[in-house]
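A.B. asks: Sharing a structure, written as structure tokens. Questions coming.
The values are calculated or read from the model by the stated rules, or taken from the named source; none is laboratory data. This structure is a prediction, so every number in the text was calculated from the model and none was measured. No Cβ is skipped: glycine too gets one built from the backbone with ideal geometry, and neighbour counts run over all protein chains shown. Note: areas computed on protein heavy atoms with side chains; ligands, DNA, RNA excluded. Shrake-Rupley method; radii C 1.70, N 1.55, O 1.52, S 1.80 Å.
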Amino acid sequence: RPGRIGTLPTKTLLISGEAGVVATPQGRGAYLRAYDKLTGADVGKVFMPAGQTGTPMTYLWEGKQYIVVAIGGGNYTSELVAFKLPS
């Protein structure tokens, strides 16, 4: 979908969200996706209730890694959402 969004490169993945919203099985929203850097394969996604409005960032807290992204737009109040990565 069109839009200006930032990406987060890691050693093996490229993390990127969607700027707009569409109807999804979880409701109206967008996805934050992970792509394999070598193959381009879509290797995972998580639902967000609004489109991405800022570049994803990552941090480590108490030994656990998180990805945080700003979302918002339309009737949805802007906010930061954090996703904990699997151990």
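A.B. asks: Among the residues of the range 68-87, which ones are open to solvent by 70 Å² or more (accessible area, probe 1.4 Å), part of a strand (DSSP E or B) and closer than 19 Å to I5 by Cα?
C.D. replies: Looking only at the range 68-87, we keep the residues that are open to solvent by 70 Å² or more (accessible area, probe 1.4 Å), and these are 74-80, 84, 86-87.
Restricting the remaining residues to those that are part of a strand (DSSP E or B) gives 76-80, 84.
Y76, T77, S78, E79, L80 - these are the residues of the range 68-87 that are open to solvent by 70 Å² or more (accessible area, probe 1.4 Å), part of a strand (DSSP E or B) and closer than 19 Å to I5 by Cα.
A.B. asks: For R28, are the conditions met, namely being in a strand (DSSP E or B) and under 10 Å from the mean Cα position of the chain (by Cα)? I'd like the intermediate steps shown before the answer.
C.D. replies: Values: in a strand (DSSP E or B): yes; under 10 Å from the mean Cα position of the chain (by Cα): no.
Answer is no for this residue.
A.B. asks: Just to verify a result, which residue in the range 1-49, among those that are open to solvent by 80 Å² or more (accessible area, probe 1.4 Å) and among the hydrophobic types (A, V, I, L, M, F, W, C), is farthest from A70 (Cα to Cα)?
C.D. replies: Checking each candidate, the answer is L38.
A.B. asks: For the subset of the range 50-67 comprising residues that are in a loop (DSSP other than H, G, I, E, B) and open to solvent by less than 60 Å² (accessible area, probe 1.4 Å), which member is nearest to S87 (Cα to Cα)?
C.D. replies: P56
A.B. asks: Could you check how many residues of the range 19-29 are in contact with a Gly (Cβ under 6 Å, 6 or more places away or on another chain) and of a type outside the set (V, I, T)? I'd like the intermediate steps shown before the answer.
C.D. replies: Quick first cut of the range 19-29, residues in contact with a Gly (Cβ under 6 Å, 6 or more places away or on another chain) only: 19-21.
Remaining after also requiring of a type outside the set (V, I, T): 19-20.
Count: 2.
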